[in-house]
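Step one of this worksheet: look at the structure below.
The values are calculated or read from the model by the stated rules, or taken from the named source; none is laboratory data. A quick note: this is a predicted structure, and the numbers were derived from the prediction, not measured. Because the Cβ atoms are built from the backbone with ideal geometry, glycine has one as well, and the counts that use them run over all protein chains shown.
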Amino acid sequence: MEEVGTGLLDRLDAMQRVAASAPGGPLLIVAGPGTGKTRTLTHRIAYLCAELNVFPEQCLAITFTRRAAEELRHRLDGLLGPVAEDVTVGTFHSLGLAILRENAAAAGLPADFRIADDADRTAARAEAGDDDARYAALLRKRDLVDLDELLTLPVALLRGDKKLVREYRDRWKWIFVDEYQDVDAVQYELLRLLSPADGNLCAIGDPDQAIYSFRGADVGYFLRFSQDFTDARLVRLNRNYRSSAPILAAAVQAIAPSSLVRGRRLDPARLDPEAPLVGRYAAASVADEADFLVRTIDDLVGGLSHRSLDSGRIDGRATTLSFSDIAVLYRTDSQAAPIVDALARANIPVQKRSHDRLRDRPGVTAIARELRHTGLDGPLAARVRLAGQVLAERFAVPTLDGSGSVRPDDVRSAVDLLAPLARRCGDDLELFLSQLATGAEVDALDPRAEAVTLLTLHAAKGLEFPVVFLVGAEDGLLPLRWPGTAPDDDAVAEERRLFFVGLTRAQDRLYVSHAARRVRHGAERECRPSPFLDVIDPGLFERFGEPEARRPKDRQLRLI
Ligand code: ATP
Ligand code: MG
């Protein structure tokens, strides 16, 4: 634990310190990628508690994924010690759930309501057809709450109960929201109810990373923060600690045409003159692109025993690379299959967030039978076993192999995934189950797995990796569009922000690749590189082994 009080802000740069030690009242921190938003947020909470006599239990910190919440909690523990446990940290959904649990009766719910799973939802949908009112009524009858309702029900409850609003405002006098650029209307309303217009609301985010408008997020809430909240203070963080200078320069140029931040600046804290340029690979085909990945990953990791990479790396980061340092990012999930195949054939371990959640994984429901295979024992085993039982009962999705039995390997990997969560949730089985139900897609990944991580660009938000491959940087995928259609300006701007999010995940090495042909919408099509690459200075790229035969053609194409 760091010494509380003295020197608490020593590990922050000047602007981070201004943000962390700002007085109460509405505070908007406009901060680009890699500028230390999490560090600033945790230090602000610690500073308020240690220096300004704020009680930890008066603090509510909201993030977008459970993983981000855990990271925040972990760092707060380091700064504040055991009292950090009194800070409420969670996602919007877990906050909604907590409010509903505390007020179940007032919200018209039984005390033991549970969150509807896919099977519950499908059944209710089938019965209710298009009739949304009826759908909700069916869920209610079955004591179920939909994920969306975890937010809409608390909002409705608070809207009609001024006393309850006062109680919550009294409890959480200090509210902190990360990734504020991606709040939607309901989340925004919940925040407005929880925080008065002159309240101690600290919103932190980056409008240029707003990428969720397709599911209702509205960057407008970020942009009009100072209209919504009285005398809002604004602090900007421009110093990027994550990426090498060439990666950062490429990213800043890429976002420039659509930037929502006036005078967007990102200054590299890392100034290694040896930093590699951004790798660019023009693949002949999707298979060729996958080969490039395999070759390059082999080079990077295979070389680890006899040479060290990036001698100039800062902050004592590792000087050798392992598979877990590498991420492959793509625009659509359908791009993953050929990559997974190619990496698997080359014996490169991969972890990919799959559509099915933890509880749907093969093996999860067989845990209570099969736990003896796993070498897990003691209270933790009991907890995981119990969890497996409940999951089996509630979700009833046993996945069997051809012979009708569950593979021990699947059980083992399911236990590996469940155990850390079970550990954190202690004896609270309901908490454990609701965590499973409310987790975001990225939450199914194990950050410590010794494997290359495959992610959509959306799921990569907030994460960082020493090595990033951004594949499929082609017109039609980035920006994404249906053949024969033209996306409107807003859609292109959002796609460009998504591209910016992808580029800025990289710390030391970034590779961007595009294939000349790709099957999309059932037909193989000729592809051109993404127009987003055109605004990046060619001098920032190092072009990798383009197939000889294609070079003249590429040049001709470029001349036209
Ligand atoms: P994003 O917008 O991508 O979510 P962020 O602003 O949340 O980015 P962080 O993930 O908090 O960025 O920080 C990026 C990296 O910079 C982390 O590895 C963090 O440890 C490091 N960092 C942040 N502030 C400092 C600092 N003052 N000194 C050294 N390293 C720092
Ligand atoms: Mg962040």
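For the stretch 185-199, the condition holds for at least one residue, the condition being that it is touching a residue at least 60 places away in the same chain (Cβ under 8 Å), away from ligand 2 (no atom under 16 Å from the Cβ) and in contact with a Ser or Thr (Cβ under 8 Å, 6 or more places away or on another chain).
For first residues located in the stretch 453-474 and under 22 Å from Glu526 (Cβ atoms) and of a type in the set (Asp, Glu), partners that are assigned to a strand (DSSP E or B) and away from ligand 2 (no atom under 16 Å from the Cβ) and lie 6+ apart or on another chain with Cβ distances below 8 Å form the pairs Glu474/His514; Glu474/Ala515; Glu474/Arg518; Glu474/Pro529. The set of residues in the stretch 509-532 being surrounded by fewer than 21 Cβ atoms within 10 Å (Cβ to Cβ) and more than 30 Å from Ser259 (Cβ to Cβ) consists of Arg517, Val519, His521, Gly522, Ala523, Glu524, Arg525, Glu526.
Of the residues making up the stretch 202-227, those that are part of a helix (DSSP H, G or I), without any contact (Cβ under 8 Å) to a residue 40 or more places away in the chain and closer than 21 Å to Pro26 by Cβ are Gly220, Leu223, Gln227.
Please specify each residue of the stretch 50-61 satisfying the condition of being outside any loop (DSSP other than H, G, I, E, B) and modelled with pLDDT of 95 or more.
Those that are outside any loop (DSSP other than H, G, I, E, B) and modelled with pLDDT of 95 or more: Pro56, Glu57, Gln58, Cys59, Leu60, Ala61.
Filtering the stretch 460-508 down to residues that are surrounded by fewer than 23 Cβ atoms within 10 Å (Cβ to Cβ), small (Gly, Ala, Ser) and away from ligand 1 (no atom under 16 Å from the Cβ), which residue is farthest from Ala250 (Cα to Cα)? That would be Gly484.
Criterion first (touching a residue at least 12 places away in the same chain (Cβ under 8 Å), among the polar types (S, T, N, Q) and more than 16 Å from ligand 1 (Cβ to nearest atom)) does Gln58 satisfy it?
Numbers: touching a residue at least 12 places away in the same chain (Cβ under 8 Å): yes; among the polar types (S, T, N, Q): yes; more than 16 Å from ligand 1 (Cβ to nearest atom): yes.
Yes: the conditions hold for Gln58.
Just name the residue that is surrounded by the fewest Cβ atoms within 10 Å (Cβ to Cβ) out of those in the stretch 61-77 that are β-branched (Val, Ile, Thr) and within 14 Å of ligand 1 (Cβ to nearest atom). Quick ask: steps written out before the conclusion?
Here is the first cut: in the stretch 61-77, the ones β-branched (Val, Ile, Thr) are 62-63, 65.
So of that shortlist, the ones also within 14 Å of ligand 1 (Cβ to nearest atom) come out as 63, 65.
Numbers: Thr63: 25, Thr65: 20.
So the residue we want is Thr65.
Residues in the stretch 62-84: is at least one part of a strand (DSSP E or B), under 25 Å from the mean Cα position of the chain (by Cα), more than 16 Å from ligand 2 (Cβ to nearest atom) and of a type outside the set (Gly, Ala, Ser)?
First, the residues of the stretch 62-84 that are part of a strand (DSSP E or B): 62-63.
Filter once more, keeping what is under 25 Å from the mean Cα position of the chain (by Cα): 62-63.
Retained after the next criterion (residues that are more than 16 Å from ligand 2 (Cβ to nearest atom)): none.
No; the residues of the stretch 62-84 include none that is part of a strand (DSSP E or B), under 25 Å from the mean Cα position of the chain (by Cα), more than 16 Å from ligand 2 (Cβ to nearest atom) and of a type outside the set (Gly, Ala, Ser).
Looking at this structure, is Leu12 within 14 Å of ligand 1 (Cβ to nearest atom) and either surrounded by fewer than 18 Cβ atoms within 10 Å (Cβ to Cβ) or at pLDDT 95 or above (or both)? The answer is yes for Leu12. Does the stretch 499-511 contain at least one residue that is touching a residue at least 40 places away in the same chain (Cβ under 8 Å), in a helix (DSSP H, G or I) and more than 16 Å from ligand 2 (Cβ to nearest atom)? Looking through the stretch 499-511, at least one residue is touching a residue at least 40 places away in the same chain (Cβ under 8 Å), in a helix (DSSP H, G or I) and more than 16 Å from ligand 2 (Cβ to nearest atom). In the stretch 136-148, is there at least one residue being touching a helix residue (DSSP H, G or I) at 6+ places or on another chain (Cβ under 8 Å) and within 24 Å of Cys202 (Cα to Cα)? Taking every residue of the stretch 136-148 in turn, none turns out to be touching a helix residue (DSSP H, G or I) at 6+ places or on another chain (Cβ under 8 Å) and within 24 Å of Cys202 (Cα to Cα). Selection of the stretch 24-49 for residues being within 11 Å of ligand 2 (Cβ to nearest atom), hydrophobic (A, V, I, L, M, F, W, C) and surrounded by fewer than 24 Cβ atoms within 10 Å (Cβ to Cβ) yields an empty set. Only one entry in Glu494, Glu524 is in a helix (DSSP H, G or I), away from ligand 2 (no atom under 16 Å from the Cβ) and more than 14 Å from Tyr330 (Cβ to Cβ), namely Glu494.
Can you tell me which residue is nearest to ligand 1 (Cβ to nearest atom) among those in the stretch 169-184 that are buried (at least 22 other Cβ atoms within 10 Å of the Cβ) and part of a helix (DSSP H, G or I)? Restricting to residues being buried (at least 22 other Cβ atoms within 10 Å of the Cβ) and part of a helix (DSSP H, G or I), the top hit is Gln181. Between Leu80, Leu95, the distinction of being modelled with pLDDT of 90 or more, within 24 Å of Leu153 (Cβ to Cβ) and surrounded by 21 or more Cβ atoms within 10 Å (Cβ to Cβ) belongs to Leu95 only. The residues of the stretch 22-36 that are within 14 Å of ligand 1 (Cβ to nearest atom) and assigned to a loop (DSSP other than H, G, I, E, B), listed by number, are Gly32, Pro33, Gly34, Thr35, Gly36. When Arg262, Arg280, Arg215 are checked against the criterion of being modelled with pLDDT of 95 or more and out of contact with any Gly (no Cβ under 8 Å at 6 or more places or on another chain), Arg280 stands alone in meeting it.
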